[in-house]
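Heads up: the structure comes next, in structure tokens.
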Amino acid sequence: MSSEPLLRLDAVGKRFGGLTVLDKVSFTVAAGEIVGLVGPNGSGKTTTINVISGVHRADAGRILLNGTPVQTRPGFRLARMGINRTFQVPKPFRSMTVRENIEVSAHFCGHDQVDIAAILAETDLAAHAGQAAGSLTVNQQKMLDLARALATGPQILLIDEIGAGLNPQELAVVAILLQRLAARGIAMIVVEHLLDFLNRITERVIVLGAGRMLFEGTLRAASQDPEVVAAFIGG
Ligand SMILES: Nc1ncnc2c1ncn2[C@@H]1O[C@H](COP(=O)(O)OP(=O)(O)OP(=O)(O)O)[C@@H](O)[C@H]1O
């Protein structure tokens, strides 16, 4: 059996023009593990998700999925290999129904046998299955984004600020859902500003500051780390 973690980032770097946005970012994620990714605005959290999911190509370092380097593969190939994501601003096909949106994702990744009804139920969208995606509330669109990612049969989900705008009850429902997915073996990197929400679903966080990893460990220890505190106050 391989001892390689599900996902490994090894000294990943990304520049936009003269701006270094990620600098030697290295961490691992195991199957079924939820890892929080936190940091001040502009610290590189979404860019980290973007390079892992192939939206942007890392220009230094390696990204390995089950030991296979994948940093040069395009996003659609990564989705088929089991790396999928949600977006800060969901992007469903607005004129298609909720069900059709999920079916398209499943089909795209060759998962035509996927249980759409189960995904609709799990994401609390069953009552909206026949509705145009564009008519959903923003929060329902976030659930649809997650549903579409689930339909691809992901090994790892990259979840970008799913909690923003949700009320405490909605947050609790999402926290339980993410924990249930993790219990099924799906790994997650969760980018989030809501630390209470993160605390509910994981202890292990990675803290970025200006594209560098400042800290990796428990949220409690992060909150007591002088470099982390300085980055947040500065941010
Ligand atoms: N496509 C791009 N072109 C140029 N600069 C970019 C691009 N994407 C991100 N950046 C810059 O990279 C830096 C990191 O952005 P990123 O969105 O990764 O931060 P973040 O930690 O996710 O922030 P937030 O918490 O506000 O979402 C910022 O300075 C941002 O302006």
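The values are calculated or read from the model by the stated rules, or taken from the named source; none is laboratory data. Here the structure is a predicted model, which is why all the values come from computation and not from measurement. Cβ sites come from the backbone with ideal geometry, for glycine too, and all protein chains shown count toward neighbours.
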Please go through (1) under 24 Å from Thr46 (Cβ atoms); (2) free of Cβ contacts under 8 Å to residues at least 40 places away in the same chain for Val114 and return the number of the only condition it doesn't satisfy. (1)
Out of all the residues in segment 20-39, which are within 13 Å of Arg204 (Cα to Cα), crowded, with 18+ Cβ neighbours inside 10 Å and not small (Gly, Ala, Ser)? Phe27, Val29, Glu33, Ile34, Val35, Leu37, Val38
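What helices (runs of 4 or more DSSP H) completely inside segment 121-235 contain at least 1 residues that are closer than 14 Å to Val98 by Cβ and modelled with pLDDT of 95 or more?
Values: elements: 138-150, 168-183, 195-201, 219-223, 226-234.
In segment 121-235, 138-150 are the helices (runs of 4 or more DSSP H) which contain 1 or more residues that are closer than 14 Å to Val98 by Cβ and modelled with pLDDT of 95 or more.
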Is there any pair linking a residue in segment 39-51 that is more than 13 Å from Ser26 (Cα to Cα) to one that is more than 7 Å from the ligand (Cβ to nearest atom) and of a type in the set (Phe, Trp, Tyr), with Cβ under 7 Å and at least six apart or on different chains, and which? Pro40/Phe232
Restricting attention to segment 153-171, does a residue exist that is over 14 Å from Ile83 (Cα atoms), of a type in the set (Val, Ile, Thr), within 16 Å of the ligand (Cβ to nearest atom) and in contact (Cβ under 8 Å) with a residue 60 or more places away in the chain? yes
Of the residues Leu198, Leu214, Leu178, Leu194, only one is among the hydrophobic types (A, V, I, L, M, F, W, C), surrounded by 15 or more Cβ atoms within 10 Å (Cβ to Cβ), within 13 Å of the ligand (Cβ to nearest atom) and closer than 17 Å to Ile49 by Cβ; which? Leu194
Of (1) on the phi < 0 side of the Ramachandran plot; (2) in contact (Cβ under 8 Å) with a residue 12 or more places away in the chain, Pro226 satisfies every one except (2)
